[in-house]
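Beneath this line is the structure, given in structure tokens, with notes to follow.
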Amino acid sequence: MYVGVDEAGKGPVLGPMVAAAVRADPESLPADVDDSKRVAPERREAIAAELRAGAVDVAVATVETAEIDAPDTDMNTLTVRGQARAVRAVVRAGDRVVADAGDTSEERFARRLREFVADPEPVESVDVDAAHGADESDPVVGAASVVAKVARDARVAAIDAAYPDYDGVGSGYPSDPTTRAFLRAYVADHGDVPPHARRSWSTCADALAAAEQSGLDEF
């Protein structure tokens, strides 16, 4: 059987990274499954629901902000770690795993993913490959991409709901003006970034520095 794995949320300043694995026969997937970025939000949610209700195995694993901010790790390792957690939840002996490569080297990413999947207990005869753009070219990886994106969006929606006194948190990405405005407003009110923020991201450092400068100017 075939396992596809991908992640969503490597770059945002708010919320976790979410990895998803789908174990399926490609023929059993919806015909329009694709890289999540190329599927409309409403259709993504419908596909994710179909997958969870169908004859496929689906697993989701999160890498929370505290783990992302840990000084002894890096995003490539976190991506491998998250994908491996999702794969281990569905993989069986003899499966073929295909991942969307989260490293400049496809071979290195595949090797590291194979090692992480085998820790702490090896799974017999599991073949692991990784490729750039696998979420576009491989339907099972595309399915995993959709599941990961829908799960990540749900987490962002929950974060947004946790801050009703603000004008939304946006997408969570540093390039989003709504996200940046939320961080600035929160820091101005509380003197620190919110617990859902990746404080190791430069966007958080910028918000904290701007608040400090504003305080100095007022003084």
Original post:
In the range 55-77, which residues are closer than 21 Å to A134 by Cβ and more than 17 Å from the chain's Cα centre (by Cα)?
Top reply: V56, D57
Original post:
Does at least one position in the range 13-25 carry a residue that is surrounded by fewer than 22 Cβ atoms within 10 Å (Cβ to Cβ) and more than 22 Å from G170 (Cβ to Cβ)?
Top reply: yes
Original post:
Exactly one of (1) surrounded by fewer than 21 Cβ atoms within 10 Å (Cβ to Cβ); (2) at pLDDT 95 or above; (3) of a type outside the set (V, I, T) is unmet by R38. Its number?
Top reply: (2)
**OP:** Return yes or no: is D119 in the same structural domain as D35 (by TED's automatic domain parsing) and either closer than 18 Å to M75 by Cα or in contact with a strand residue (DSSP E or B) (Cβ under 9 Å, 6 or more places away or on another chain) (or both)?
**Re:** no
Subject >> R198 vs. criteria in the same structural domain as G15 (by TED's automatic domain parsing), among the charged types (D, E, K, R) and in contact (Cβ under 8 Å) with a residue 40 or more places away in the chain >> reply: no
Subject >> Set L183, L208: member being surrounded by 15 or more Cβ atoms within 10 Å (Cβ to Cβ), outside the structural domain of V39 (by TED's automatic domain parsing), over 17 Å from M17 (Cβ atoms) and touching a residue at least 40 places away in the same chain (Cβ under 8 Å) >> reply: L183
**OP:** Can you give me the ranges of the helices (runs of 4 or more DSSP H) entirely in the range 44-119 with at least 3 residues that are in contact (Cβ under 8 Å) with a residue 24 or more places away in the chain and surrounded by fewer than 18 Cβ atoms within 10 Å (Cβ to Cβ)?
**Re:** 75-90
Original post:
If you take the residues in the range 2-12 that are closer than 19 Å to S137 by Cβ and either surrounded by fewer than 24 Cβ atoms within 10 Å (Cβ to Cβ) or not aliphatic (A, V, I, L, M) (or both), which one is modelled with the lowest pLDDT?
Top reply: Y2
Original post:
Looking at the range 1-36, which of the residues that are assigned to a helix (DSSP H, G or I) and over 13 Å from the mean Cα position of the chain (by Cα) is nearest to A70 (Cα to Cα)?
Top reply: P26
Original post:
Which residues, taken from the range 147-172, are within 13 Å of the chain's Cα centre (by Cα) and on the phi > 0 side of the Ramachandran plot?
Top reply: G172
Subject >> Among (1) of a type in the set (A, V, I, L, M, F, W, C); (2) buried (at least 23 other Cβ atoms within 10 Å of the Cβ); (3) part of a helix (DSSP H, G or I); (4) within 16 Å of the chain's Cα centre (by Cα), the one test that V140 misses >> reply: (4)
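Here is a yes/no grid of residues against (1) at pLDDT below 95; (2) over 24 Å from P122 (Cβ atoms); (3) touching a strand residue (DSSP E or B) at 6+ places or on another chain (Cβ under 9 Å):
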site: M17; (1), (2), (3): no, yes, yes
site: A20; (1), (2), (3): no, no, yes
site: L29; (1), (2), (3): yes, yes, yes
site: T79; (1), (2), (3): no, no, yes
site: G82; (1), (2), (3): no, no, yes
site: D95; (1), (2), (3): no, no, yes
Original post:
Given the conditions (1) in a loop (DSSP other than H, G, I, E, B); (2) exposed (fewer than 13 other Cβ atoms within 10 Å of the Cβ), which single one is not true for P174?
Top reply: (2)
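The values are calculated or read from the model by the stated rules, or taken from the named source; none is laboratory data. Because the structure is a prediction, the values reported are computed rather than measured. Positions of Cβ are backbone-derived with ideal geometry, glycine not excepted, and every protein chain shown enters the neighbour counts.
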